[in-house]
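Below is one structure, written out as structure tokens; the observations come after it.
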Amino acid sequence: MNIRLLLAACAVILTGAASAALAQDPAPSHASYFEHYEGTATCLTCHEAEAKSFFVSQHYQWRGNSPAIVNSKGRQLGKINTFNDFCTSPTGNWIGIIRNSRGETLTKGCSACHAGLGKLPSPEMSREQLENIDCLICHASGYRRDLVQLEGESFEWKPILWKNQAGLDSVSKRISKPTRVMCLRCHSASGGGANFKRGDIEYALAETTRDYDVHMGTDGVNMQCVTCHAGADHRVRGRGTDLAGTDLPGRPLSCDTAECHGNAPHKQTMLNTHAARVNCTVCHIREFARTDATDMRRDWSKTVYNKEADRYTANITLEKNVQPVYDWYNGTSRAQLLGEPARHLADGSVGIMMPVGARSDPKAKIFAFKKHTARLPKLVDRNWMVPITVEHFFANGEMEPAVKNAAHEVYGIENAKTTWVETTRMMGIFHGVQPANRALGCLDCHGEPGRMDWKALGYGGDPMMVGRGRR
């Protein structure tokens, strides 16, 4: 969970945009509402109802109803109780300060990107849990925080200005709806580095042009993340394709709804015919990771030592300007869950999160994906996947105890015997949408060589050629 190393860089990159905006706002929105900020309790004085609604949201609980996961069996799923192929799991990696041999901080835990102050989210609401919510991380421009060790072994995320009351009061009164800058603080940094995880959520989106992203370009409509994703009562719309839970399953986010572009967004009939079975992003996102390279493969079975940083990592393959892969997707996914037999795909890898759909499925469309591969541990005798307690590994490079500790934390198994297996995760690509003059043309898919694997999509060959008698 090495987003910690990015927090300082993130602040440098993003605070400039926030500062420019604040310079135009001499009267912060909450300037007269309170004198001194004394933590979340100050917010609760007026906003306890909002805190209670946020408490049950996915941004706080890191789990939620999962009707779009075909094998969820009614369970609430999310980051907190599933695993991934990046830093694998919050279990055993939640909070703490890990230093290298030079005493430099390497990592501070997964909670660095949780909208709380350090306590694990509890399903049971309490005053302690409500006061654990960090309202400022999403609502205060220029807010930054750091991990502080309290008396004993406990840790807490505190504003970097917590010993500067005047500065903290100033920042805490700059309250607004979440801006792109605020959202990018976590969503661009997840997975260990800038744009490592998602591939299409780059820091460049904080201040960009409509040619880079037609929705978020500051020279265009200048939409914020919450323009599309906000629902109500802190419920966020949209799930992507590889996320387990969803706040608003009854209000899915889609380009072709009436509130956005509709199901016939083009003037040309042929393009609208395509749009019936091809998602908008296929044509309008030619490549992703256009500014910052993204993690395309993470092999945890191979340890890499970075002498300059005095830090160990998995063997990570980064790529820029990546062409998506394409597959059918009907809005549901199948997840590989902990404690369940590993399901192997046709290529032998374990499908960590895979879209559900096929050419024969009338609800499915072709979507653009980032295909992330990894190498992860699996129990030899039970065929269950095992996450890794990666935090100490970053400092000492010892993988075996990191895997054994995770098996103990998750399954209660001592001295687990594991093997390494290939895994695949399909991640939807939705950001970085470019205008019509930069969209794909016919020959990008139907020419030679085209970017579509027609046989993998269930066709006998290029459908345009098949229609002309060629197979």
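The values are calculated or read from the model by the stated rules, or taken from the named source; none is laboratory data. All figures in this text were calculated on a predicted structure; none of them were measured in a lab. Virtual Cβ from ideal backbone geometry, glycine too; neighbours counted across all protein chains shown.
Quick check on Ala194: is it small (Gly, Ala, Ser), buried (at least 16 other Cβ atoms within 10 Å of the Cβ), in contact with a Phe, Trp or Tyr (Cβ under 7 Å, 6 or more places away or on another chain) and in a helix (DSSP H, G or I)?
In short, no.
So Gly217 fits all but one of (1) surrounded by 19 or more Cβ atoms within 10 Å (Cβ to Cβ); (2) under 16 Å from the mean Cα position of the chain (by Cα); what number is the exception?
(2)
Would you say Thr105 is out of contact with any Ser or Thr (no Cβ under 6 Å at 6 or more places or on another chain), surrounded by fewer than 18 Cβ atoms within 10 Å (Cβ to Cβ) and among the β-branched types (Val, Ile, Thr)?
yes
Scan the stretch 226-238 and report the pairs whose first residue is over 13 Å from Glu259 (Cα atoms) and whose second residue is part of a helix (DSSP H, G or I), with Cβ atoms within less than 6 Å and a gap of 6+ or a chain change.
Asp233/Ser53; His234/Ser53; His234/Phe54; Val236/His229; Arg237/His229; Gly238/His229
Within the set of pairs 6+ apart or on separate chains, which have a first residue in the stretch 404-420 that is at pLDDT below 95, a second that is part of a loop (DSSP other than H, G, I, E, B) and not β-branched (Val, Ile, Thr), and C-beta atoms under 8 Å apart?
So the pair list comes out empty.
Is one or more of the residues making up the stretch 239-249 more than 26 Å from Gly357 (Cβ to Cβ), of a type in the set (A, V, I, L, M, F, W, C) and surrounded by 14 or more Cβ atoms within 10 Å (Cβ to Cβ)?
no
Give Val282, Val236, Val278, Val322 a once-over and let me know the one that is of a type in the set (A, V, I, L, M), surrounded by 13 or more Cβ atoms within 10 Å (Cβ to Cβ), modelled with pLDDT under 95 and closer than 23 Å to Met353 by Cβ.
Unique residue meeting the criteria: Val236.
Kindly provide the set of residues from the stretch 113-154 that are touching a residue at least 60 places away in the same chain (Cβ under 8 Å) and among the hydroxyl-bearing types (Ser, Thr, Tyr), ordered by number.
Selection gives Ser141 alone.
Which is hydroxyl-bearing (Ser, Thr, Tyr), surrounded by fewer than 19 Cβ atoms within 10 Å (Cβ to Cβ) and modelled with pLDDT of 85 or more, of Ser19, Ser66, Ser32, Ser89?
None of the other options fit; the residue is Ser32.
Looking at the stretch 342-356, which of its residues are part of a strand (DSSP E or B) and of a type in the set (A, V, I, L, M, F, W, C)?
Val350, Ile352, Met353, Met354
Assess whether Thr273 counts as being in contact with a strand residue (DSSP E or B) (Cβ under 7 Å, 6 or more places away or on another chain), among the β-branched types (Val, Ile, Thr) and not in a loop (DSSP other than H, G, I, E, B).
Spelling it out, it is not the case that Thr273 is in contact with a strand residue (DSSP E or B) (Cβ under 7 Å, 6 or more places away or on another chain), among the β-branched types (Val, Ile, Thr) and not in a loop (DSSP other than H, G, I, E, B).
Is at least one residue of the stretch 285-297 within 23 Å of Asn396 (Cα to Cα) and crowded, with 20+ Cβ neighbours inside 10 Å?
So far as the stretch 285-297 goes, yes, one or more of its residues are within 23 Å of Asn396 (Cα to Cα) and crowded, with 20+ Cβ neighbours inside 10 Å.
If Ala166 meets every condition in (1) under 24 Å from the mean Cα position of the chain (by Cα); (2) surrounded by fewer than 17 Cβ atoms within 10 Å (Cβ to Cβ) apart from one, which number is that one?
All conditions are met except number (1).
Name the single residue that is nearest to the chain's Cα centre (by Cα) among those in the stretch 403-450 being small (Gly, Ala, Ser) and either under 17 Å from Arg382 (Cβ atoms) or surrounded by 13 or more Cβ atoms within 10 Å (Cβ to Cβ) (or both).
The qualifying residue nearest to the chain's Cα centre (by Cα) is Gly428.
Among the residues of the stretch 252-284, write down those that are in contact with a Leu (Cβ under 9 Å, 6 or more places away or on another chain) and under 25 Å from His372 (Cβ atoms).
Once the filter is applied, which keeps residues that are in contact with a Leu (Cβ under 9 Å, 6 or more places away or on another chain) and under 25 Å from His372 (Cβ atoms), the stretch 252-284 yields Val282, Cys283, His284.
Quick test for you: out of Asp381, Asp462, pick the one residue that is surrounded by 15 or more Cβ atoms within 10 Å (Cβ to Cβ), at pLDDT below 95 and more than 29 Å from Ser190 (Cβ to Cβ).
Sole residue among the options that is surrounded by 15 or more Cβ atoms within 10 Å (Cβ to Cβ), at pLDDT below 95 and more than 29 Å from Ser190 (Cβ to Cβ): Asp462.
Residue by residue through the stretch 98-107, note down the ones that are more than 16 Å from Ile388 (Cα to Cα) and either touching a strand residue (DSSP E or B) at 6+ places or on another chain (Cβ under 8 Å) or at pLDDT below 95 (or both).
Matches in the stretch 98-107: Arg99, Asn100, Thr105, Leu106.
Return the only residue of Pro377, Pro387 being over 30 Å from Met216 (Cβ atoms), assigned to a strand (DSSP E or B), in contact with a helix residue (DSSP H, G or I) (Cβ under 6 Å, 6 or more places away or on another chain) and in contact (Cβ under 8 Å) with a residue 60 or more places away in the chain.
That would be Pro377, the only listed residue that is over 30 Å from Met216 (Cβ atoms), assigned to a strand (DSSP E or B), in contact with a helix residue (DSSP H, G or I) (Cβ under 6 Å, 6 or more places away or on another chain) and in contact (Cβ under 8 Å) with a residue 60 or more places away in the chain.
Out of Glu153, Glu131, which single residue is at pLDDT 95 or above and either surrounded by fewer than 21 Cβ atoms within 10 Å (Cβ to Cβ) or outside any loop (DSSP other than H, G, I, E, B) (or both)?
Glu131
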